[in-house]
1. Using unit Cβ charges (K, R positive; D, E negative) and no other charged atoms, how large, in debye to the nearest 20, is the dipole of segment 344-446 about its Cα centre?
2. Treating only the Cβ of Lys, Arg, Asp and Glu as charged (+1, +1, -1, -1), what charge dipole size does segment 161-263 show about its Cα centre? Round to the nearest 20 debye.
3. Which whole number of Å³ per residue matches the convex hull of the alpha-carbon atoms in the chain?
4. Over 20 Å, how big is the tail of the calculated P(r) for segment 344-446, in percent of all Cα pairs?
5. If we sort 405-411, 277-283, 222-228 on the protection proxy, mean other Cβ atoms within 10 Å, highest first, what's the order?
6. Arranged from highest to lowest average of other beta-carbon atoms within 10 Å per residue, in what order do the peptides 428-435, 203-210, 385-392 appear?
7. How big is segment 161-263 along each principal axis, measuring the range of its Cα positions in Å and listing the largest first?
8. Using θ = phi - 60° and the Karplus relation 6.51 cos²θ - 1.76 cosθ + 1.60, list the HN-Hα couplings for segment 381-387 in order, rounded to whole Hz, with x at every Gly or Pro.
Amino acid sequence: MSKKITIIGGGPAGYVAAIRAAQIGAKVALVESANLGGVCTNVGCIPTKTYYHYAEIAREIQDSQKDKTISGELSFDWLRILRKKDGIVKRLVAGISFLLKKNEIDFHQGTGRIAGRGKVEILKPNGETAELSCDEILVATGSAPRGIPIDGWEGAGVWSNTEALSAEKIPESLLIVGGGVIGCEFAHIFSTFGCKVTIVELTESLLPGIDPDIVEIVTKTLAKQGVSIRTGVGIGRVERTAEGIIATAGEERFEAEEILGAVGRKPTPPEGIELAGGKLARGNLAIDEHLRAGDGLWGAGDVCGAPFLAHWASAMGEVAVENMMGAAIKLDYDAVPGAFFTAIEVGTVGLTEPEARARFGDILVGKFPYQASGRAKTASAADGFSKVIAEKNGRIVGIHIAGKQASEMVCAAGLTVARKLTIDDWRETIVAHPTFGEILKESALDGAGDAIHI
């Protein structure tokens, strides 16, 4: 008989796991309380990248106007861009629904809770309940925006990513509390379309945990774009007035039309995990190295904690169901790529330079500037660099790229780190010319002091 698997959550972890489980012979049921695709598809990665696309078009036109290669007045229709975003999301959600049907996955709309070993209870939208019996349960219920325990935060109409992405007009000014990836992406988008943006970050720099060279260039590029950045500042009180928002940090006062909270996310586990032997660790669903969480209970995605990345969630989902079916796969936490899209595009994978020095001591670091790339010059994209970090034996353990096409280049970077490739492997690889990929190869060669074009 086919193994019966019930998956709670239809986001990047859940729906991908469902499809993979069906492919390898399981009988699968998927329970989701909201739209298929989760945060990423509906109010995260996809909507923000739609806005980013148009922001980049605007920026490229503005840059071309400065060097007088393009002239004329630049205008935009925010509502049309919003409707375009909505249409893309709708089509992608419909596509996921089609894939579930194609793979004969039993879909249940409703809120899932664990009722015991191999039992999932569903609360349907109409208030009725149903129960599913199965051999294995995968918890993939994702995460929600994290709030801040400060005076006035609740009730002040603080935007999360959801409200920011559904706003029907660009505010004149926006205060962003939190200078991580989410905050920096929204700062770029809203600033590009004429909003006066201020980022307030509690730590001493933007983008905590990111390689320092990436942090430096993102900070400089956002500032050059007109974004005001205040680090090392903790908001103590928020107040909504008739004119907008007033936020205070000690004696410092910030005023804006709207405020966006971008201080990270928190896992949202379902009820009843303890009935199947599951436990929470600092709010996260606790899992072992094979993603097992309890008796016939498994976890994947944001519900298990950081990193809160859609592609990582999908990878976890696939591995979890493979392991349910008898495999013993372990994921490599040191080879998780990331891509984010702010005033300068970033792709990153593996250890940062400080992390590599702490782990290995002496290391090799290679760096190649976009300014030295013919392809970057032809695209008027000379800002940026690629940075490769390797052990003394040449094995590459981290790659960090800032600049145009960085998010595409990180695919090759991810393969490099995951497969434990070396500087010599890149030396022996012929990269097409003229491409942005040459920047990555040159940065690897520079780690051995052998870059050609610097």
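1. The dipole of segment 344-446 has a size of about 60 debye.
2. Charge dipole, segment 161-263, about its Cα centre: 120 debye, nearest 20.
3. Looking at the chain, the number lands at 171 Å³ per residue.
4. 30 percent
5. Packing proxy ranking, top to bottom: 405-411, 222-228, 277-283.
6. So the peptides 428-435, 203-210, 385-392, ranked by packing, come out 385-392, 203-210, 428-435.
7. 41, 31, 23
8. Values, residue by residue: 10, 7, 8, x, 6, 10, 10 Hz.
Rule-based calculations on the coordinates, nothing more; no lab input. The model shown is predicted, which means the values in this text are computed figures rather than measured ones. As a convention, Cβ positions derive from the backbone with ideal geometry for all residues, glycine included, and neighbour counts pool all protein chains shown.
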